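The structure under discussion appears below in the form of structure tokens.
The values are calculated or read from the model by the stated rules, or taken from the named source; none is laboratory data. These numbers were taken from a predicted model, which means no experiment stands behind them. FYI the Cβ positions are ideal-geometry reconstructions off the backbone, even for glycines, and counts take in every protein chain you see. Each accessible area value is taken on the protein alone, full model and side chains, heavy atoms only, with ligands, DNA and RNA left out. Shrake-Rupley method; radii C 1.70, N 1.55, O 1.52, S 1.80 Å.
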Amino acid sequence: MRRSEVLAEESIVCLQKALNHLREIWELIGIPEDQRLQRTEVVKKHIKDLLDMMIAEEESLKERLIKSISICQKELNTLCSELHVEPFQEEGETTILQLEKDLRTQVELMRKQKKERKQELKLLQEQDQELCEILCMPHYDVDSSSVPSLEELSQFRQHVATLRETKASRREEFVNIKRQIVLCMEELDHTPDTSFERDVVCEDEDAFCLSLENIATLQKLLRQLEMRKSQNEAVCEGLRAQIRELWDRLQIPAEEREAVATVMTGSKAKVRKALQLEVDRLEELKMQNMKKVIEAIRVELAQYWDQCFYSQEQRQAFAPYYAEDYTENLLQLHDAEIVRLRNYYELHKELFEGVQKWEESWRLFLDFERKASDPSRFTNRGGNLLKEEKQRAKLQKTLPKLEEELKARIETWEREHSKAFVVNGQKFMEYVSEQWEAHRLEKERAKQERQLKNKKQTETEMLYGSAPRTPSKRRGLTPNTPGKVRKLNTTAMSNATANSSIRPVFGGTVYRSPVSRLPPSGSKPVITSTCSGKKTPRAGRHGADKENLELNGSILSGGYPASAPLQRNFSINSVASTYSEFA
């Protein structure tokens, strides 16, 4: 049942109760029947009019509600379509009044969402426009007349966030490049002369368009300035090297060099100009001191020849080195040669340094070999012998490895340059083999010399007796007085043989007899004297008298037995036939 019908029935019941109540009152107060009927009709008429009025109002309310519901539904459908959401559906049975209220509430909510989306879209468009103008990028394609969906707004927000990140990164890159450009311009004393350079250096950073094209142009400008700066630095460094070279060649004193020390650093335009002025001054001074400069260049040439391991033929190939006509042409030839040699050395510096390392190792190896054959090295103190042996063993291992490494590098170099790498006029490996062969021959020669020396010493000892081997400390106990000789108490032995040789009985040393007591010939016996002193004879006297001694017909091999007496009788016969031959 509809609400209006319920209200009508309730109203009728109430009116009926009211009429019954009025009749009771009229009856109590004694109103006539006809009047009561008349009043009842009046009341009924009023009640009917009132009910009609109420029904009309209710019908009007109903129509308004239905109309409102229809309007809200239409608007709600439109809003759902614009906002890209599902249409509103009423849950369960409800009254017209509640339905109208719900629809109206939903419409208000949809209107609010639409307004918020439109406002956010407008804000995002403003931000996009600002960022796109700075970055010189096209605007984001979005329909301003329609209401954006949540997904579209999310994409738009992401796009704007990306633009902000792009702006931040480009701005950071712009600031860094600008700072470097300003430094380069200051270093080069360069004034911005184009509109773009003025925009970069002079204008506000926020006003600069951060487009990809501008960033690329900015990077190109920086590269150009850095190239000019590098060229300027190279020119200044070349001028400084030329100045130092001229200083050394002209032997400029330190006081005069300190006068231009301020321009020996930096590469600004004024520094370059000052360096050029100094070079011009030194060049003029060089022309005035031609001979001194050429001789200085020749010293440098000799150094490079040594570093490049030039042979004598290669050195002599540069004939101007030996010329004595000191002219400007000769100086130019020397300058060109020193430049060529310097470039040649720098180009193959690693190889030359490797060869130089091998040369140093080879010299050290030869030094160790020489020390190894020196007997005096065993008297060294402080563990030097052990250190030398360790170094020698290490060098014997590293030297072949270094040779193999150099061989591989040189073979690679020869394949790349299609020519031989020579050291002192011959291939390096041939040079190394020759050094090893020379070392082997030298060892053979030394070995043969030692063998020959030992053979001669053996023959000499067999013929004349061995030399004394008294320790130096024992010899140093007694002073060696010139002019005094040790006297031997000997007696002539009848059975002496002229060609027999013996070692002396005292320490194996033979001493020269005084000249005044020499016999006129070797056929007569020599008169000996008794030893009267205990002084050790001088070393210079050892082996001075080459005479053959025989003791009881037996040859002595040096020294005397412990049980033998200190004095014995022996005879000395001269090997010379005359005195003049003996002298």
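Listed values, structure above:
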item: Of all residues in region 298-321 being hydrophobic (A, V, I, L, M, F, W, C) and within 39 Å of the chain's Cα centre (by Cα), the one that is surrounded by the fewest Cβ atoms within 10 Å (Cβ to Cβ); result: 299
item: Matching residues, region 171-199, being over 19 Å from residue 131 (Cα atoms), among the hydrophobic types (A, V, I, L, M, F, W, C) and touching a helix residue (DSSP H, G or I) at 6+ places or on another chain (Cβ under 7 Å); result: 177, 181, 182, 184, 185, 188, 196
item: Residue that is open to solvent by 70 Å² or more (accessible area, probe 1.4 Å), charged (D, E, K, R) and not assigned by the TED database to the domain that holds residue 432, where the choices are 328, 295, 324; result: 295
item: Residue that is nearest to residue 303 (Cα to Cα), among those in region 356-396 that are modelled with pLDDT of 70 or more, open to solvent by less than 70 Å² (accessible area, probe 1.4 Å) and charged (D, E, K, R); result: 359
item: Test: residue in region 107-130 that is of a type outside the set (D, E, K, R), modelled with pLDDT under 85 and either in a helix (DSSP H, G or I) or more than 60 Å from the chain's Cα centre (by Cα) (or both); result: no
item: Residue under evaluation residue 408, criteria (1) among the aliphatic types (A, V, I, L, M); (2) loosely packed, with under 12 Cβ neighbours inside 10 Å; (3) modelled with pLDDT of 80 or more; (4) over 36 Å from the mean Cα position of the chain (by Cα), criterion not met; result: (4)
item: Residue in region 139-168 that is nearest to the chain's Cα centre (by Cα), counting only those that are open to solvent by 40 Å² or more (accessible area, probe 1.4 Å) and of a type in the set (S, T, N, Q); result: 162
item: Residue match in region 92-104 (condition: open to solvent by 60 Å² or more (accessible area, probe 1.4 Å), at pLDDT 80 or above and in contact with a Cys (Cβ under 9 Å, 6 or more places away or on another chain)); result: yes
item: Subset of region 314-330 (residues that are in contact (Cβ under 8 Å) with a residue 24 or more places away in the chain and more than 20 Å from residue 355 (Cα to Cα)); result: 326, 327, 328, 330
item: Any hit, region 169-177, residues being touching a residue at least 12 places away in the same chain (Cβ under 8 Å), in a helix (DSSP H, G or I) and exposed (fewer than 14 other Cβ atoms within 10 Å of the Cβ); result: yes
item: Residues (surrounded by 14 or more Cβ atoms within 10 Å (Cβ to Cβ) and under 26 Å from residue 100 (Cβ atoms)) located in region 16-71; result: 51, 54, 55, 58, 61, 62, 65, 68, 69, 71
item: Only listed residue being over 30 Å from residue 288 (Cβ atoms) and not hydroxyl-bearing (Ser, Thr, Tyr), chosen from 205, 255; result: 205
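This table checks each residue for (1) small (Gly, Ala, Ser); (2) open to solvent by less than 30 Å² (accessible area, probe 1.4 Å); (3) in a helix (DSSP H, G or I).
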residue: 245; (1), (2), (3): no, no, yes
residue: 249; (1), (2), (3): no, yes, yes
residue: 256; (1), (2), (3): no, no, yes
residue: 262; (1), (2), (3): no, no, yes
residue: 265; (1), (2), (3): no, no, no
residue: 279; (1), (2), (3): no, yes, yes
residue: 282; (1), (2), (3): no, yes, yes
